[in-house]
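Here's the structure we're looking at; comments come further down.
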Amino acid sequence: MTSAESEIARDLASLDRRAFLRLTGAAAAFGLLPVACGEAVAPTVELQLFSPRAYAVFNAAATRIVGPRGAELIRSGEIDPALAADAFVARNPALGDTVEAALALLEWAPWPLVPKLRPFTALAGDAQDRVLDALMRSRIDLLRDVFKGVKSLAALVFYANPATRDLTGFPGPFGSAEVPIAAAMVESDS
């Protein structure tokens, strides 16, 4: 790593919220931020808290996070993780601003903070994977926190859906009509 790269990495590592906003504002003023919209798909139902953009970003990220079999359930419309996340966040309003800000950062964060030049929703799947991987491995706590939060919420709402039971082998909640308590006491051969 050159001394200039070291200096940039050190400056980025110490970037606080106010400095990040100044940097983003300056980049926008000089036309360095992408302005084209990605292939955001507007929901067909009314959202409680998410903006249509946040809905699209969350579904795009969840599609990459849950793997190929899960992604097929999302693409087919059998599972809508962004709609479920919107309902979850609406029940926990203290999370609303934080989740919206995290999704906005994922969509709009400029290079060199995130390795992309276009909005997250405008990227191909492999490029989205690289962005998520960069967030996960970032030296900047905020970026790692964005990845952890989006991944956690995506996993929570995706795997809570009964349509994922074939993927996980989970029979459903014990004590329901479908899975009686006695079924919990039976040893499985698998």
Within the under-11-Å Cβ sphere about W108, not counting W108, Lys/Arg +1 and Asp/Glu -1 give a net charge of +2
A correct Karplus calculation of ³J(HN,Hα) over region 126-131, with 6.51 cos²θ - 1.76 cosθ + 1.60, θ = phi - 60°, whole Hz and x for Gly and Pro, returns 5, 5, 4, 4, 5, 5
Once phi for every residue in region 133-141 is put through the Karplus expression 6.51 cos²θ - 1.76 cosθ + 1.60 (θ = phi - 60°), the whole-Hz ³J(HN,Hα) values, with Gly and Pro written as x, are 5, 5, 5, 4, 9, 4, 7, 8, 3
Residue by residue through region 150-162, the couplings from Karplus 6.51 cos²θ - 1.76 cosθ + 1.60 with θ = phi - 60°, in Hz, x for Gly and Pro, are 5, 5, 4, 5, 4, 5, 4, 6, 5, 6, 6, 6, x
FRET efficiency for R137 and M185 from the Cβ-Cβ distance with R0 = 45 Å, rounded to 0.05, comes out at 0.55
Other residues with Cβ under 13 Å from the Cβ of D86 give, with Lys and Arg +1 and Asp and Glu -1, a net charge of -1
Distance in nm between K148 and E46 label points, each 7 Å along Cα→Cβ, equals 3.7
Which residues qualify? For I79, with a placed amide H closer than 5 Å and at least 5 residues away or on another chain, they are I74
Quick calc: nm separation of the 7 Å Cα→Cβ label points for N161 and D97 -> 3.0
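Once R0 is set to 22 Å, what does the formula 1/(1 + (r/R0)^6) return for the Cβ-Cβ distance between F170 and A90, expressed as a FRET efficiency to the nearest 0.05?
So the FRET efficiency works out to roughly 0.30.
Where a number appears in this text, it was derived from the coordinates with a stated rule and is not lab data. Predicted model only: the values in this text are computed from it and were never measured. A quick note on method: Cβ atoms are made from the backbone with ideal geometry, for glycine too, and the neighbour counts reach across all protein chains shown.
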